[in-house]
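The values are calculated or read from the model by the stated rules, or taken from the named source; none is laboratory data. Worth saying up front: this structure is predicted, and the values here are computed from it rather than measured. Glycine gets a Cβ as well: all are built from the backbone with ideal geometry, and neighbour counts include every protein chain shown.
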Amino acid sequence: MFNSKRVSLVKATLTSVALIAVCTTAVGEGIWKAVVPRPGTMKGEFDNNDPIGLYAGVKIKADCSLNWTNPDDHKLYCFSSATSLVFFLDAPAQYLESARKSWHKLSTTQG
């Protein structure tokens, strides 16, 4: 009986370690990055830079796996994280206005 419990505990521990190893081997991937478009297949505004990054004054490249299409002008915007997209959706018009100003400034000063 003692061995049976010990074997079950060892199996459970090894199973847990294996699952953790499988989940952590794909660094930078996960549920939000399950499908990443091939490079060059999606062209977003701001040269695929995250609008929230631009709002903050920095260029953050995105792979367009997380994106939003503006229902007014049908332009595609790419996001580097789900958090960024959710944050953006609180006030898209205001963030886009700031992102456009920042994009213009960053594009002219950094080439």
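For the reader, a short list of remarks on this structure follows.
- Considering residues of the range 73-111 that are of a type in the set (Gly, Ala, Ser) and more than 21 Å from MET42 (Cβ to Cβ) only, the residue farthest from the chain's Cα centre (by Cα): GLY111
- Out of SER102, SER98, one residue alone is in a helix (DSSP H, G or I), touching a Phe, Trp or Tyr at 6+ places or on another chain (Cβ under 6 Å), at pLDDT 95 or above and of a type in the set (Ser, Thr, Tyr). It is SER98.
- Identity of the residue in the range 61-84, among the hydrophobic types (A, V, I, L, M, F, W, C) and touching a residue at least 24 places away in the same chain (Cβ under 8 Å), that ends up farthest from PRO39 (Cα to Cα): ALA82
- Against the list (1) surrounded by 14 or more Cβ atoms within 10 Å (Cβ to Cβ); (2) in contact with a strand residue (DSSP E or B) (Cβ under 8 Å, 6 or more places away or on another chain); (3) of a type outside the set (Val, Ile, Thr), the condition ARG100 fails is (2).
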